[in-house]
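Every number in this text was worked out from the coordinates using simple rules, so none of it is lab data. This structure is a prediction, so every number in the text was calculated from the model and none was measured. Every residue, glycine as well, gets a Cβ built from its backbone with ideal geometry; the counts of neighbours run over all protein chains shown.
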Amino acid sequence: MNSSAGNTARLLGAGLRALLVLTVLCGVLYPLAVTGIAQAAFHDGANGSRIEDGSGRVVGSALIGQTYDLPDEDTGDPAKAPEPDLRWFQPRPSHGLGTNSVNTRYSLILSGATNKAADNPDLVKLVEDAKAAVVADNTTASYTVSPRDVPADAVTSSGSGLDPNISPAYAALQVHRVAERSGLDVDRVAKLVADHTQGRTFGFMGEPRVNVLELNTALRDLTRR
């Protein structure tokens, strides 16, 4: 019986030592090492790819899209879609984004695509309505948008519904409207778009893109001067 108790005590002792060693290794040293490497080699990504405005305030993440809508008004119709705030560059359409009218915060609701076939009547109508809205919103006194000039990303959402980027073509299409609404010269707004256009990753992956939050943050800093 004494031998059995001794064996039990040794097993418990070995188990406790293993628990202590593994806790230190896996629960302390490994997380510290991974965190240290991430902070040293991938500082921006490890901290959420945060975007700051001119005053150093964090306004969002470069990885998550935002909407730029007018302040919500109680219309009594919960099905009514919010109207875009046309002072800002608009992102891709999405039902998975929260509302951000002042570009300082965002509210993530859900993420997902429509999962509808290309010939689905509801999707076709959604795209047609979106194209008509893009043409109407971006046509100004000195600039007319043709339906054939509307790029695909202006009327379709991404697979996640949270794409933070738009194509340079969609950004360029919005330049005249943004310049008119903000009281800036068209060439100045066009240069702002060019300055925030990113090429393909490593020169061959993906497509050229413009991060809408970064662009709108720069636009707001510019109009505040």
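Comparing mean-square fluctuations of 11, 192, 29 from a GNM of the chain with C-alpha springs under 10 Å, the top value falls on 11.
Neighbour counting of Cβ atoms within 10 Å sorts the residues 143, 170, fewest neighbours leading, into 143, 170. Across 69, 44, 119, mean-square fluctuation computed from a Gaussian network of the chain (C-alpha pairs under 10 Å connected) peaks at 119. Only Cα pairs under 8 Å and 6+ residues apart enter the sum, and on that basis the relative contact order of the chain stands at 19 percent.
Over the chain, dividing the summed -39,500 (n - 2.57) contributions of all DSSP H runs of at least 4 residues by the number of residues returns a 222 nm mean residue ellipticity of -13000 deg cm²/dmol. Exposure proxy ranking for 210, 127, based on other Cβ atoms within 10 angstrom of each Cβ and starting from the fewest, stands as 127, 210. Net length available on complete extension from residue 14 to residue 223 is 68.5 nm, with 0.36 nm assigned per residue and the Cα-Cα distance removed. Between 84, 147, 31, the residue with the greatest mean-square fluctuation in the GNM of the chain (Cα pairs under 10 Å linked by springs) is 31.
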